[in-house]
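All remarks here apply to the structure that follows.
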Amino acid sequence: MRLSSRRGLLLGAGASALVASRAFAQTAPAAGPFTLPPLPYAPEANEAAIDTRTMQIHHDLHHAAYVNNLNAALKDHGQIGGLPLGVLLTKLAELPDTIRAAVRNNGGGHANHSMFWEIMGGPGGTPSGELAEAITRDFGSFETLRTRLETAGNTQFGSGWAFVTVSPEGRLGIAQRPNQDTPLMEGGRVLLGNDVWEHAYYLRYQNRRAEYTRAWWNVVNWDAVAKRYAAAKAGTLGI
């Protein structure tokens, strides 16, 4: 091998290593009222559906960016920043034009991802108790719920989310939203949701979104979802 070719290979390998090392470097968080919640489990806990590297990139970089951008948007609007996130998202129409889009995109991203981490890390399986009864009442069966949520995720054009919503009376429904929008923005509440942005699944599944949305059930934490259901009925469920 010619020396110049070998040197090029070495330089290329060094550059790749540098990029990889920087990929997980946290940027300094923007000061503000919102913080990145830690994962409630190790990044490898969801390997049955989501690979460890995707979990790290998704939480440590993507979610962190939403939090930083939200804080940056609110830095000169102290009173608005003092609102709970769920309340803030219901007041988008009242926000100044200069920050409305940033709060919608980044506040929605923060709320959606905070919920997402909370309801994963489990063994999958099927729900039980009052939650299972509600699913049978409102969907006919758990399998119907699965099929309808997967369909919502698979047919969401481009980036977005598929949600199971819950009313204060405990009634369940299905919703899909683009980008980082959430039913919270219309005063609704989310029981659970699946992220169908490509960054949530692309390293393992590439363009096979339907394979991801089916495998995702293997890591749902039904105990956590049941707690959210009880909180919704009690009127205490936030984001």
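Being touching a residue at least 24 places away in the same chain (Cβ under 8 Å) and of a type in the set (A, V, I, L, M) is true for just one of Ala102, Ala93. Which residue is that? After ruling out the rest, the residue left standing is Ala102. Identification of strands (runs of 3 or more DSSP E) wholly contained in the stretch 130-239 with 1 or more residues that are hydroxyl-bearing (Ser, Thr, Tyr) and under 24 Å from Leu89 (Cβ atoms) yields 160-166. Of all the numbered requirements in (1) surrounded by 14 or more Cβ atoms within 10 Å (Cβ to Cβ); (2) among the basic types (Lys, Arg); (3) more than 25 Å from His62 (Cα to Cα), Arg171 misses one, and that requirement is (1).
State all residues of the stretch 148-168 that are surrounded by fewer than 20 Cβ atoms within 10 Å (Cβ to Cβ), within 22 Å of the chain's Cα centre (by Cα) and more than 19 Å from Tyr201 (Cβ to Cβ); if no residue qualifies, say none. Passing the criteria: Arg148, Ser167.
Taking the condition small (Gly, Ala, Ser) and surrounded by fewer than 18 Cβ atoms within 10 Å (Cβ to Cβ), does Ala65 pass? I'd like the intermediate steps shown before the answer.
Values: small (Gly, Ala, Ser): yes; surrounded by fewer than 18 Cβ atoms within 10 Å (Cβ to Cβ): yes.
Answer is yes for this residue.
Condition check for Gln26 on (1) closer than 18 Å to His199 by Cα; (2) at pLDDT 95 or above; (3) surrounded by fewer than 18 Cβ atoms within 10 Å (Cβ to Cβ); (4) not aliphatic (A, V, I, L, M): one failure, at (2). Quick one: what pairs do we get from the stretch 151-179, first residue of a type in the set (D, E, K, R), second at pLDDT 95 or above and in a loop (DSSP other than H, G, I, E, B), C-beta under 8 Å, 6+ apart or different chains? Note: pairs meeting the criteria are Arg177/Gln156.
For (1) surrounded by fewer than 15 Cβ atoms within 10 Å (Cβ to Cβ); (2) within 20 Å of Arg171 (Cβ to Cβ), each residue gets a yes or a no:
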| position | (1), (2) |
| --- | --- |
| Leu192 | no, yes |
| His199 | yes, no |
| Ala215 | no, no |
| Val225 | no, yes |
| Lys233 | no, yes |
| Thr236 | yes, yes |
| Ile239 | no, yes |
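The values are calculated or read from the model by the stated rules, or taken from the named source; none is laboratory data. All figures in this text were calculated on a predicted structure; none of them were measured in a lab. Note: ideal-geometry Cβ built from the backbone for every residue, glycine included; neighbour counts use all protein chains shown.
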